[in-house]
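Written below as C-alpha cells is the structure these notes are about.
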Amino acid sequence: MIMASNEATKKADPARGAARGPAAPTTARSAPAPRPAAKRVGPVEFLGQVRDEGRKVTWPTRKETTVTTIMVFLMVVVASIFFTVVDQALRWGVGMILGIAG
C-alpha cells in the first residue's frame, strides 16, 4: 500500500477540520467601514477649539525650560568634544597606516 504524503493526509483528513494549503478556499476580505465625515466648523469656532486645547496643555515652568536649555547646550558641547577627539584619532590612525604621519 502506498502512503500519501503528510500534507495530503492533512488536507484529506475530515477529522482535522477544513482543508489547508493552496487547495483551501479563500474568502474575500471586506473593505473597512468608511469613516464618518468630519464636522466642518467655521474659523471662529476653530480658533475657540484651538484655545480650549491650548488650555489643556501642561506648560513647563521657566525653571524647567532653563534647565532643559542648559542641558541641551551641555550635550552639544560634550558631543562636539567627543567627535573632535574621534576625528583626530582617526586622522592620526590613517596617517600612520599610509605612512604620512608627521
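Is there any pair linking a residue in region 67-92 that is without any contact (Cβ under 8 Å) to a residue 60 or more places away in the chain to one that is open to solvent by less than 100 Å² (accessible area, probe 1.4 Å), with Cβ under 7 Å and at least six apart or on different chains, and which? The qualifying pairs are 92/101. Scanning region 35-54 for residues that are surrounded by 10 or more Cβ atoms within 10 Å (Cβ to Cβ), modelled with pLDDT under 80 and assigned to a loop (DSSP other than H, G, I, E, B) turns up nothing.
Is it the case that residue 75 is within 30 Å of the chain's Cα centre (by Cα) and assigned to a helix (DSSP H, G or I)? Show your work before the answer.
Working: within 30 Å of the chain's Cα centre (by Cα): yes; assigned to a helix (DSSP H, G or I): yes.
So residue 75 passes the test.
Exactly one residue out of 58, 27 is modelled with pLDDT of 85 or more, hydroxyl-bearing (Ser, Thr, Tyr) and open to solvent by 100 Å² or more (accessible area, probe 1.4 Å): that is 58.
The values are calculated or read from the model by the stated rules, or taken from the named source; none is laboratory data. Everything quoted here is computed from the prediction, not taken from an experiment. Using ideal geometry, Cβ is built from the backbone for each residue, glycine included, and neighbour counts are taken over all protein chains shown. These accessible areas exclude ligands, DNA and RNA; they are computed on the full protein's heavy atoms, side chains included. Shrake-Rupley method; radii C 1.70, N 1.55, O 1.52, S 1.80 Å.
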